[in-house]
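Report on one structure; see the data block that follows.
The values are calculated or read from the model by the stated rules, or taken from the named source; none is laboratory data. No experiment lies behind these values; they were computed from the predicted model shown. Glycine also receives a Cβ, built like all others from the backbone with ideal geometry; neighbour counts cover every protein chain displayed. For accessibility, only protein heavy atoms count, side chains too; no ligands or nucleic acids. Shrake-Rupley method; radii C 1.70, N 1.55, O 1.52, S 1.80 Å.
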Amino acid sequence: MANGTRCDVTNSVRLQVKLSDFTCKHEFKLLNGGPFPIILGLDFLQRTSMVVDMASRTFNYRFAPQCSGRFGNSGEGIEGEPFLRNLVAQVWVSAEGKGGGPKHFDVEVLNSEFLMLCSPVLGTANCEPYEIEVSDVTPVRSAPYRCAPPKAAVIKDMVNGLLEQGVVRSKKSPYASPEFLVPKRDGGFRLVVDYRKVNAKVLFDSYPMPTIDQALDQFSGASVFSVLDLNSAYYQIPLSERSRRVTAFCSPFGLFEFNKLPRFARILQSY
């Protein structure tokens, strides 16, 4: 150790690590007589792209800088430190069988190896900000829809979640479209903004849409096909600053604008 103490590695375990909104599996070495409950090494920092600021005692991730956390002093221990208490969500030790049978496909292993791709936290696409073109500069506005108090609480939680992830921001705007909830099959709700008045002003781009025949022609000679589904794909596409005011929506809790491309807005087919 840095203080001259010698600690023997007795074993290794795989831990289900949970930091902020991210979870992954990582192999930790067991030190006999170690000075700290958990030590995060360079291999862990490189794998998770974690950035640690010792001065402010905070950490975040390069691929999601808006998602940050705090850690306390090393002497506080696990009991009084949420950072260490939440670090280990599940412990498991895997032993290789002696039968030599074929290894099964482990989704959790794949998730831990590609943490940045499988993270539930929304990122930002590396592309030019999307521009919403409207036919005129006259804004459209509508009053908020009435909703029952239980649904208002659901809307508030959803909006707060979008604020925390940087998808929306609280802002003043001459535009105002009402929002409402749509039931989902799993019993939850989806937040929807009524952009019908805005969509009537959005200029349509006459981009030729590909046909099924053209798509099948591109598959000629291929033997492996993959399908990728982006997590809330619209919310990963950045909006230009000029277009954000057009996406403003009103709720019982204020007026908000989208920083990312909202759902149910009429978008250009060529994007």
Contact list, first residue from region 52-65 and assigned to a loop (DSSP other than H, G, I, E, B) and of a type in the set (F, W, Y), second anywhere and modelled with pLDDT of 75 or more and buried (at least 16 other Cβ atoms within 10 Å of the Cβ), beta-carbon distance below 8 Å, six or more apart or interchain, is F63/G123
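Quick one: in region 168-188, of everything that is part of a strand (DSSP E or B) and of a type in the set (G, A, S), which residue is surrounded by the most Cβ atoms within 10 Å (Cβ to Cβ)?
Going through region 168-188, the residues part of a strand (DSSP E or B) turn out to be 168-170, 176-183.
Okay, now just the ones that are also of a type in the set (G, A, S), so 170, 176-177.
Details: S170: 11, A176: 19, S177: 24.
Per the criteria, the residue is S177.
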List the number of the failed condition for D213; all other conditions in (1) open to solvent by 100 Å² or more (accessible area, probe 1.4 Å); (2) in contact with a Lys or Arg (Cβ under 6 Å, 6 or more places away or on another chain); (3) not basic (K, R) hold. (2)
Flagged in region 146-167 as among the charged types (D, E, K, R), without any contact (Cβ under 8 Å) to a residue 24 or more places away in the chain and part of a helix (DSSP H, G or I), in numbering order, are D157
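Does region 194-202 include one or more residues that are of a type in the set (D, E), open to solvent by less than 80 Å² (accessible area, probe 1.4 Å) and either modelled with pLDDT of 90 or more or under 17 Å from D136 (Cβ atoms) (or both)?
As a first pass, look at region 194-202 and keep what is of a type in the set (D, E): 194.
The next check asks that each one be open to solvent by less than 80 Å² (accessible area, probe 1.4 Å); those that pass are 194.
Retained after the next criterion (residues that are either modelled with pLDDT of 90 or more or under 17 Å from D136 (Cβ atoms) (or both)): 194.
Yes: one or more hits.
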Regarding L191, is this residue more than 20 Å from the chain's Cα centre (by Cα), of a type in the set (A, V, I, L, M) and part of a strand (DSSP E or B)? no
What are the pairs, 6+ residues apart or on separate chains, where a residue within region 225-240 that is under 15 Å from N126 (Cα atoms) and among the hydrophobic types (A, V, I, L, M, F, W, C) has its Cβ under 8 Å from a residue that is open to solvent by less than 80 Å² (accessible area, probe 1.4 Å) and not in a loop (DSSP other than H, G, I, E, B)? L230/Q236; I237/Y130; I237/K260; L239/Y130; L239/T247; L239/F258; L239/K260
Checked against (1) surrounded by 11 or more Cβ atoms within 10 Å (Cβ to Cβ); (2) aliphatic (A, V, I, L, M); (3) within 26 Å of E164 (Cβ to Cβ); (4) at pLDDT 70 or above, L84 satisfies every condition except (4)
